[in-house]
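Nothing in this text is a laboratory measurement; each read-out follows from the coordinates by a stated rule. These numbers come from a predicted model, not from an experiment. Neighbour counts are summed over all protein chains in view; Cβ atoms, including those assigned to glycine, are modelled from backbone coordinates with ideal geometry.
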Amino acid sequence: MNGKLVPVVAAGGVIGAVSRAGIDVAMSYHADAWPWSTFLVNTVGSFLLGFVLVTLAVRVSDRWALLARAFLITGILGGFTTFSAYANQIQLLASSGRLWVWLPYAVASIATAVLAVLVGAILARALWRVSGNPQSAGSESVDQL
């Protein structure tokens with residue numbers, strides 16, 4: 001990683017991690033129940049990932065794209081979403097014998113995250129086409145998502 005990007009990623013990571021922690025505190029979690037806060041964070045984060053990727057490709061010049069990706073995607077969304085908590089919660093639910101909770105949670109989390117990325121990307125494409133003025137250099141990247 002370019003050394004100049006480290007503080008940018010770190011600043012974004014602080015914002016994302018603190019936001020995730022706030023949601024975890026606001027939504028109490030019991031070890032034998034559906035982990036709603038992690039499910040919500042990963043779904044919202046996935047939606048934002050799809051939306052931001054398309055938006056950056058269409059609306060941000062190449063000069064700023066690397067910086068914006070480092071801050072928004074690697075930093076904020078990387079600090080906000082949490083695969084490690086997801087995996088730990090599945091392990092805890094599975095070891096407690098709660099098949100009716102961990103199996104649907106495991107499948108629904110992945111399916112919802114993938115769907116959320118697609119919806120975010122589709123929404124951004126529709127929004128930026130309607131508003132016009134996509135940058136020609138970035139518009140080629142949109143179709144690669």
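Summary table
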| quantity | calculated |
| --- | --- |
| Kyte-Doolittle mean at least -0.5, axial Cα span of 27 Å or more - DSSP H helices of the chain | 6-26, 36-59, 99-131 |
| At 0.890 mPa s and 25 °C, Stokes D of the chain from Kirkwood alpha-carbon radius, µm² per second | 149 µm²/s |
| Which of G50, S37, A116, positive extreme of dipole for the chain (C-beta unit charges) | G50 |
| Likely footprinting exposure, R69, R63, R129, fewest C-beta neighbours within 10 Å first | R63, R129, R69 |
| Ranked list, fewest to most other Cβ atoms within 10 Å of each Cβ, for R20, R98 | R98, R20 |
